[in-house]
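Read the structure below first, then the notes.
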Amino acid sequence: MSGPETETLLYLDGVSVSFDGFKALNELSLIIQAGEMRAIIGPNGAGKTTMMDVVTGKTRPDTGTIYFDGNVDLTKLDEASIAELGIGRKFQKPTVFQHHTVWDNLELALAGRRGTFAALFRREGSSERERIEELLGIIRLGELRDMEAANLSHGQKQWLEIGMLLAQEPKLLLVDEPAAGMTDAETEATADLLKEIAKEKSVVVVEHDMTFVRALGVKVTVLHEGSVLSEGTIDHVSEDPRVIEVYLGR
Amino acid sequence: MIGSFIRNGFDRSAFFVILVLVAAAFVVPALALYTTPASPFHIPGYAIPLMGKYLTYGLLALSVGLIWGYCGILSLGHGAFFALGGYAMGMYLMRQIGTRGVYGDPVLPDFMVFLNWDELPVAWYGFQSFPYAMLMVVLAPGILAFVFGWFAFRSRVTGVYLSIITQAMTFALMLGFFRNNLGFGGNNGLTDFKDILGFNIQAPETRAALFAASALALALAYLICKSIISSRFGKVIVAIRDAESRTRFLGYRVENYKLVVWVLSACMAGIAGALYVPQVGIINPGEFEPANSIEVVIWVAVGGRGLLVGPIVGAIVVNFAKSWFTTGALAPYWLFALGGLFVGVTLFLPKGIMGTLGGGWTALKQRRASAAAEAGVSVTDTDGPDGGRLKTEPAE
């Protein structure tokens, strides 16, 4: 099978996953262009997180094809290889290294060799320090660089995790519910941060919060029962009668 | 490269610990050998192998502290690696007996003659050579740990499930070593040793040398562990402990990191076992008993698993208490005391002895800093107190 055209970054075709007979993904097809930011919404159990799991190698699809960056077949790779290819993932619950400082969290995430031997003998270089400084500026945690991540607020942890994703220098970021549990001001700041990031990278955001999705102002894909229900601008999908039925009809 | 690796870990606390151990390696044997019993500094001969034994337990506890405290792998079977190292040393010592055994066979150890075996099993080949035996001290536990870890970590067995299979591993080995036809002395194990490297194993000088070797081995192992946890590798294993999937999605091969630290830890336990056997004079399948491995975990918890020095202190304190308890009228109650100690430490000193002492020191420094701040001096450190690396409820 030949790979899809060059400007496509992520290509899912006919992907199905079932757990004990429950179809979490059902013939899901989705294309993300290079440089695109996409919001994915859908009710609980629509398959949003499972979609991220199959792309990042955590779950193997039963059927279907997934290509990244031309013709790299993601269904054959493990998490570490996929991360090295340039796919970063943010979890729903902020997941940072609690007992490391903000600085060390970013240092561990920096792109570079991941081997055990290199890790035993490698020292931090000046270009790495500059990069960490730059990231601290982007995620607005410069003042807290020496604080243990465990002592950060919920919103700060979310940003730190986004910063760690950026440190990986991925081509594609998968972001799972970045605004969950945030105050309004934090939500707004997070939307701005993601928009800033989307200038250089492709971003896929899974979100429940419609105000947040509206603030992002990007193309929206609605998932339902493991496949795409509707796609388009936020206004287009929110007027789609099938979407209204799924969200309000039950 | 190695130089900078070691320098990285060699801070003030490392210097202090190593200084104490190296000083002990020279001072204690000197006091035992060159002072008269009348002297107030005299250390009686019987105490030397006893203290040497504590140090080998300290090394075993350090190996468990490294993987449990820093990588979150709770091994309930580390006694197996300790015992394998001990058996490798025991086999060397058996072959040194030669014709001085009860049956006087120049090649076969007594138990083989007794079992009417007429040739040496293949597994015993080469053990007359000290360097070969020392290689086996490291390789036997190392290879077992590699095979075990390869499958366990690749299959992503973690947490309590991993602990259970480590326990099963040591239990299975115990059953195997109890059998006579496995060829390692069965129930009785290996004992009645005569010489090590040509020196009488009972001689005070040999015992002093074994004590010194134990102290130096512990100092070296501590330095290596300290360098590892101070390197980026150390940061990665702590990251694995705290958020394994995050580490994986950052592109680290978690199973490889775990395997390296696991095998290293097993090799350290093997060396501890090899130093233990000549000092206690026997190795038998009882060393594989699951309860032994669990006791090691208690030492680590008592000393404090968040610091490398914690397990060493825990092993020495608990075993000193054990020796003291079990030689007096209180002997029948030792297991109650051990259980009570574990419960008490878990409830009242969750960071262990060293973690609590370290935390108290940090808190004191912070009180001073805040007092200074009230006096009008600016203080920038806003970080919370955290002496140990493991966040638990503060001890009251």
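Go through region A:37-52 and report how many residues are crowded, with 20+ Cβ neighbours inside 10 Å and either part of a strand (DSSP E or B) or more than 11 Å from chain B (Cβ to nearest Cβ) (or both).
Taking region A:37-52 and keeping what is crowded, with 20+ Cβ neighbours inside 10 Å, we get A:37-42, A:46-48, A:50-52.
Of the ones still in play, those that are also either part of a strand (DSSP E or B) or more than 11 Å from chain B (Cβ to nearest Cβ) (or both) are A:37-42, A:46-48, A:50-51.
The number of residues fulfilling the criteria is 11.
Which is within 22 Å of B:I228 (Cα to Cα), in contact with a helix residue (DSSP H, G or I) (Cβ under 9 Å, 6 or more places away or on another chain), at the interface with chain B (Cβ under 8 Å from one of its Cβ atoms) and surrounded by fewer than 18 Cβ atoms within 10 Å (Cβ to Cβ), of A:F121, A:F117?
Working: A:F117 fails: at the interface with chain B (Cβ under 8 Å from one of its Cβ atoms).
Unique residue meeting the criteria: A:F121.
Taking the condition of being touching a residue at least 12 places away in the same chain (Cβ under 8 Å) and either surrounded by fewer than 16 Cβ atoms within 10 Å (Cβ to Cβ) or out of contact with any Lys or Arg (no Cβ under 8 Å at 6 or more places or on another chain) (or both), how many residues in region B:335-354 meet it? Even if it seems obvious, please write down each step before you answer.
Taking region B:335-354 and keeping what is touching a residue at least 12 places away in the same chain (Cβ under 8 Å), we get B:337-338, B:341-342, B:345-346, B:348-354.
Going one step further and asking which of them are either surrounded by fewer than 16 Cβ atoms within 10 Å (Cβ to Cβ) or out of contact with any Lys or Arg (no Cβ under 8 Å at 6 or more places or on another chain) (or both), we end up with B:337, B:341-342, B:345-346, B:348-351, B:353-354.
The qualifying residues number 11.
Would you pick out the residues in region B:246-265 that are part of a helix (DSSP H, G or I) and within 7 Å of chain A (Cβ to nearest Cβ)? Show your work before the answer.
Of the residues in region B:246-265, the ones part of a helix (DSSP H, G or I) are B:246-249, B:254-265.
Result: B:R246, B:R248, B:F249, B:N256, B:Y257, B:V260.
Enumerate the pairs (first residue in region A:113-139 and under 14 Å from B:N256 (Cα atoms); second residue anywhere and assigned to a loop (DSSP other than H, G, I, E, B)) with beta-carbon separation below 6 Å, excluding pairs fewer than 6 apart on the same chain, so at least 6 apart or on different chains.
Once the first residue is under 14 Å from B:N256 (Cα atoms) and sits in region A:113-139, its partners that are assigned to a loop (DSSP other than H, G, I, E, B) give A:R114/B:G251; A:R114/B:Y252; A:L120/B:S231.
Quick one: would you say A:T65 is in contact with a strand residue (DSSP E or B) (Cβ under 8 Å, 6 or more places away or on another chain), more than 13 Å from chain B (Cβ to nearest Cβ) and of a type in the set (V, I, T)?
Considered against the rule, which asks whether it is in contact with a strand residue (DSSP E or B) (Cβ under 8 Å, 6 or more places away or on another chain), more than 13 Å from chain B (Cβ to nearest Cβ) and of a type in the set (V, I, T), A:T65 comes out as yes.
Going by the conditions given, is A:D20 among the acidic types (D, E), surrounded by fewer than 17 Cβ atoms within 10 Å (Cβ to Cβ) and free of Cβ contacts under 8 Å to residues at least 40 places away in the same chain? Quick ask: steps written out before the conclusion?
Details: among the acidic types (D, E): yes; surrounded by fewer than 17 Cβ atoms within 10 Å (Cβ to Cβ): yes; free of Cβ contacts under 8 Å to residues at least 40 places away in the same chain: yes.
Here the answer is yes, as A:D20 does meet what is asked.
Among the residues of region B:289-307, are any assigned to a loop (DSSP other than H, G, I, E, B), out of contact with any His (no Cβ under 8 Å at 6 or more places or on another chain), within 27 Å of B:Y92 (Cβ to Cβ) and touching a residue at least 60 places away in the same chain (Cβ under 8 Å)?
Of all residues in region B:289-307, those assigned to a loop (DSSP other than H, G, I, E, B) come to B:289, B:304-307.
From the residues that got through so far, the ones that are out of contact with any His (no Cβ under 8 Å at 6 or more places or on another chain) too are B:289, B:304-307.
Those left that are additionally within 27 Å of B:Y92 (Cβ to Cβ): B:289.
Add one more test, that the residue is touching a residue at least 60 places away in the same chain (Cβ under 8 Å), and what stays is B:289.
Checking region B:289-307: at least one residue is assigned to a loop (DSSP other than H, G, I, E, B), out of contact with any His (no Cβ under 8 Å at 6 or more places or on another chain), within 27 Å of B:Y92 (Cβ to Cβ) and touching a residue at least 60 places away in the same chain (Cβ under 8 Å).
Looking at A:V246, is it closer than 26 Å to A:K93 by Cα, over 23 Å from the mean Cα position of the chain (by Cα), crowded, with 17+ Cβ neighbours inside 10 Å and in contact (Cβ under 8 Å) with a residue 24 or more places away in the chain?
Judged against the criteria, A:V246 is a match.
For B:Y252, are the conditions met, namely being aromatic (F, W, Y), surrounded by 21 or more Cβ atoms within 10 Å (Cβ to Cβ), under 23 Å from the mean Cα position of the chain (by Cα) and within 19 Å of B:L66 (Cβ to Cβ)? Outline the logic, then answer.
Working: aromatic (F, W, Y): yes; surrounded by 21 or more Cβ atoms within 10 Å (Cβ to Cβ): yes; under 23 Å from the mean Cα position of the chain (by Cα): no; within 19 Å of B:L66 (Cβ to Cβ): yes.
No, not satisfied.
Yes/no matrix, rows are residues, columns are (1) farther than 18 Å from A:R38 by Cα; (2) assigned to a loop (DSSP other than H, G, I, E, B); (3) among the small types (G, A, S):
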| residue | (1), (2), (3) |
| --- | --- |
| A:G181 | yes, yes, yes |
| A:A185 | yes, no, yes |
| A:D192 | no, no, no |
| A:E200 | no, yes, no |
| A:E231 | no, no, no |
| A:V237 | no, no, no |
| A:V243 | no, no, no |
| A:Y247 | yes, no, no |
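Do we find that A:L85 is within 7 Å of chain B (Cβ to nearest Cβ) and either within 28 Å of A:K58 (Cα to Cα) or without any contact (Cβ under 8 Å) to a residue 40 or more places away in the chain (or both) in this structure?
Details: within 7 Å of chain B (Cβ to nearest Cβ): no; either within 28 Å of A:K58 (Cα to Cα) or without any contact (Cβ under 8 Å) to a residue 40 or more places away in the chain (or both): yes.
It is false that A:L85 is within 7 Å of chain B (Cβ to nearest Cβ) and either within 28 Å of A:K58 (Cα to Cα) or without any contact (Cβ under 8 Å) to a residue 40 or more places away in the chain (or both).
Filter region A:83-96 down to the residues that are in a loop (DSSP other than H, G, I, E, B) and closer than 20 Å to A:A180 by Cβ and list them by number. Give the derivation first.
From region A:83-96, those in a loop (DSSP other than H, G, I, E, B) are A:86, A:91-96; that's our starting set.
Passing the criteria: A:F91, A:Q92, A:K93, A:P94, A:T95, A:V96.
Of all residues in region A:225-239, which are of a type in the set (S, T, Y) and either in contact with a helix residue (DSSP H, G or I) (Cβ under 9 Å, 6 or more places away or on another chain) or crowded, with 18+ Cβ neighbours inside 10 Å (or both)?
Looking only at region A:225-239, we keep the residues that are of a type in the set (S, T, Y), and these are A:227, A:230, A:233, A:238.
Scanning region A:225-239 gives A:S227, A:S230, A:S238.
Considering every residue within region A:139-146, establish whether at least one is part of a helix (DSSP H, G or I), within 13 Å of chain B (Cβ to nearest Cβ) and under 30 Å from B:S4 (Cβ atoms).
So in region A:139-146, the residues part of a helix (DSSP H, G or I) come out as A:142-144.
Filter once more, so that each one left must be within 13 Å of chain B (Cβ to nearest Cβ): A:143-144.
Of the ones still in play, those that are also under 30 Å from B:S4 (Cβ atoms) are A:144.
Checking region A:139-146: at least one residue is part of a helix (DSSP H, G or I), within 13 Å of chain B (Cβ to nearest Cβ) and under 30 Å from B:S4 (Cβ atoms).
Determine whether region A:200-207 contains at least one residue that is modelled with pLDDT under 85, buried (at least 16 other Cβ atoms within 10 Å of the Cβ) and closer than 30 Å to A:G21 by Cα. Quick ask: steps written out before the conclusion?
Quick first cut of region A:200-207, residues modelled with pLDDT under 85 only: none.
Checking region A:200-207: not a single residue is modelled with pLDDT under 85, buried (at least 16 other Cβ atoms within 10 Å of the Cβ) and closer than 30 Å to A:G21 by Cα.
For region B:100-125, which residues satisfy the criterion of being of a type outside the set (V, I, T), in a loop (DSSP other than H, G, I, E, B) and surrounded by 13 or more Cβ atoms within 10 Å (Cβ to Cβ)?
Residues of region B:100-125 of a type outside the set (V, I, T): B:100-101, B:103-106, B:108-112, B:114-121, B:123-125.
Retained after the next criterion (residues that are in a loop (DSSP other than H, G, I, E, B)): B:101, B:103-106, B:108-109, B:115-121, B:125.
B:G101, B:D105, B:L108, B:P109, B:L115, B:W117, B:L120, B:P121, listed by residue number.
How many residues are facing another protein chain (nearest Cβ under 7 Å) and among the acidic types (D, E) if we restrict to region A:88-114?
1
With the structure loaded, tell me whether A:V206 is under 25 Å from A:I82 (Cβ atoms) and touching a strand residue (DSSP E or B) at 6+ places or on another chain (Cβ under 6 Å) or whether it fails that test. Lay out the reasoning, then the answer.
Working: under 25 Å from A:I82 (Cβ atoms): yes; touching a strand residue (DSSP E or B) at 6+ places or on another chain (Cβ under 6 Å): yes.
Spelling it out, A:V206 is indeed under 25 Å from A:I82 (Cβ atoms) and touching a strand residue (DSSP E or B) at 6+ places or on another chain (Cβ under 6 Å).
Looking only at region B:230-240, how many residues end up being assigned to a helix (DSSP H, G or I) and either at the interface with another protein chain (Cβ under 8 Å from one of its Cβ atoms) or on the phi > 0 side of the Ramachandran plot (or both)?
Restricting attention to region B:230-240, the residues satisfying the condition of being assigned to a helix (DSSP H, G or I) are B:230, B:232-240.
Subsequent filtering for residues that are either at the interface with another protein chain (Cβ under 8 Å from one of its Cβ atoms) or on the phi > 0 side of the Ramachandran plot (or both) retains B:232-233, B:235-236, B:238-239.
Within region B:230-240, residues that are assigned to a helix (DSSP H, G or I) and either at the interface with another protein chain (Cβ under 8 Å from one of its Cβ atoms) or on the phi > 0 side of the Ramachandran plot (or both) number 6.
From the list A:L74, A:L152, which residue is in contact with a helix residue (DSSP H, G or I) (Cβ under 8 Å, 6 or more places away or on another chain), within 12 Å of chain B (Cβ to nearest Cβ), on the phi < 0 side of the Ramachandran plot and buried (at least 17 other Cβ atoms within 10 Å of the Cβ)? It would help to see each step written out before you state the result.
Values: A:L74 fails: within 12 Å of chain B (Cβ to nearest Cβ).
When all the criteria are applied, what remains is A:L152.
Counting only residues that are assigned to a loop (DSSP other than H, G, I, E, B) and in contact with a Pro (Cβ under 7 Å, 6 or more places away or on another chain), which one in region B:170-203 is farthest from B:P49 (Cα to Cα)? Please lay out each step first, then the result.
The first filter runs over region B:170-203 and keeps only residues assigned to a loop (DSSP other than H, G, I, E, B), leaving B:179, B:183-185, B:189, B:192-194, B:197-198, B:201-203.
Restricting the remaining residues to those that are in contact with a Pro (Cβ under 7 Å, 6 or more places away or on another chain) gives B:183, B:189, B:193, B:201.
Working: B:G183: 28, B:G189: 20, B:F193: 15, B:I201: 11 Å.
By that ranking, first place goes to B:G183.
Take A:V222 and tell me if it is out of contact with any Ser or Thr (no Cβ under 6 Å at 6 or more places or on another chain), crowded, with 20+ Cβ neighbours inside 10 Å, part of a strand (DSSP E or B) and of a type outside the set (S, T, Y). Lay out the reasoning, then the answer.
Values: out of contact with any Ser or Thr (no Cβ under 6 Å at 6 or more places or on another chain): no; crowded, with 20+ Cβ neighbours inside 10 Å: yes; part of a strand (DSSP E or B): yes; of a type outside the set (S, T, Y): yes.
Against the criterion (out of contact with any Ser or Thr (no Cβ under 6 Å at 6 or more places or on another chain), crowded, with 20+ Cβ neighbours inside 10 Å, part of a strand (DSSP E or B) and of a type outside the set (S, T, Y)), A:V222 does not qualify.
Just checking, which of A:E130, A:E107 is under 20 Å from A:E169 (Cβ atoms), among the charged types (D, E, K, R), touching a His at 6+ places or on another chain (Cβ under 9 Å) and not in a loop (DSSP other than H, G, I, E, B)? Walk me through how you get there before you give the answer.
On the way: A:E130 fails: touching a His at 6+ places or on another chain (Cβ under 9 Å).
Exactly one residue qualifies, and that residue is A:E107.
Take B:T206 and decide whether it is of a type in the set (V, I, T), under 30 Å from B:F111 (Cβ atoms) and either within 14 Å of chain A (Cβ to nearest Cβ) or assigned to a helix (DSSP H, G or I) (or both).
Yes.
Surrounded by 22 or more Cβ atoms within 10 Å (Cβ to Cβ), within 8 Å of chain A (Cβ to nearest Cβ), touching a residue at least 60 places away in the same chain (Cβ under 8 Å) and on the phi < 0 side of the Ramachandran plot: is that true of B:I283 in this structure? Walk me through how you get there before you give the answer.
Numbers: surrounded by 22 or more Cβ atoms within 10 Å (Cβ to Cβ): yes; within 8 Å of chain A (Cβ to nearest Cβ): no; touching a residue at least 60 places away in the same chain (Cβ under 8 Å): yes; on the phi < 0 side of the Ramachandran plot: yes.
So B:I283 fails the test.
The values are calculated or read from the model by the stated rules, or taken from the named source; none is laboratory data. What you see is a predicted model; the values in this text were computed from it and never measured. Here the Cβ is made from the backbone with ideal geometry for all residues, glycine too, and neighbour counts use every protein chain on show.
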